1. Of all residues in the range 54-65, how many are over 12 Å from D38 (Cβ atoms) and assigned to a helix (DSSP H, G or I)?
2. Looking only at the range 43-65, which residues are surrounded by 15 or more Cβ atoms within 10 Å (Cβ to Cβ) and over 13 Å from the mean Cα position of the chain (by Cα)?
3. Among the residues of the range 66-95 satisfying the criterion of being of a type in the set (V, I, T) and assigned to a loop (DSSP other than H, G, I, E, B), which is surrounded by the most Cβ atoms within 10 Å (Cβ to Cβ)?
4. So, in the range 67-109, how many residues would count as being modelled with pLDDT of 95 or more, closer than 16 Å to N33 by Cα and aliphatic (A, V, I, L, M)?
5. Six or more apart or on different chains, Cβ atoms under 7 Å: show the pairs whose first residue is in the range 46-62 and of a type in the set (K, R) and whose second is loosely packed, with under 15 Cβ neighbours inside 10 Å and modelled with pLDDT of 95 or more.
6. How do the pairs read when you match residues in the range 26-38 that are basic (K, R) with residues anywhere that are assigned to a helix (DSSP H, G or I) and surrounded by 16 or more Cβ atoms within 10 Å (Cβ to Cβ), using Cβ under 8 Å and keeping only pairs 6 or more apart or on different chains?
7. Inspect the range 73-80 for any residue being closer than 19 Å to L30 by Cα and among the acidic types (D, E) and give the result as yes or no.
8. Output yes when any residue across the range 5-28 is surrounded by 13 or more Cβ atoms within 10 Å (Cβ to Cβ), at pLDDT below 95 and β-branched (V, I, T), and no when none is.
Amino acid sequence: MIRFTCATLVLLAMAGSPSMALAQTGLNDLARNVKALDKNFDAADKNHDGLLSRQEAQAGQVPFIANHFDAIDTTHRGAVSKQEVHDYIARTLKRTARPPGASSAPSQP
């Protein structure tokens, strides 16, 4: 249930952006990717504390987390939770999304 809620929050964060108004398959792909990331997070969490250390991320099948560990670990505690990973994804999507109403065409005077 928590995974579904997190995936839903990520999808809702994207819904307000025209660039994220993807075809249904695009949203399905994102949901599948988040679900796979969560599954791999659980497999890499060898001590089952709900957190991944940098070493667990590097040794597990979560290269995304290992490669972005410092950006995800905003509290600098040396471990990241699934929620922090989801928050990082949402922040990244918001940064790359164009604002509503933005257009690549120059505005007319």
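The values are calculated or read from the model by the stated rules, or taken from the named source; none is laboratory data. Computed from a predicted model, the values in this text were never measured in an experiment. Don't worry about glycine lacking a Cβ; one is built from the backbone with ideal geometry, like all the others, and counts go over all protein chains shown.
1. 7
2. Within the range 43-65, A44, D45, L51, L52, S53, R54, E56, A57, Q58, G60, Q61 meet the criteria.
3. Checked the range 66-95; the qualifying residue surrounded by the most Cβ atoms within 10 Å (Cβ to Cβ) is T74.
4. Residues meeting the conditions: 1.
5. The qualifying pairs are R54/G78.
6. Going by the 8 Å Cβ cut-off, the qualifying pairs are K35/R3; K35/A7.
7. Among the residues of the range 73-80, not one is closer than 19 Å to L30 by Cα and among the acidic types (D, E), which makes the answer no.
8. yes
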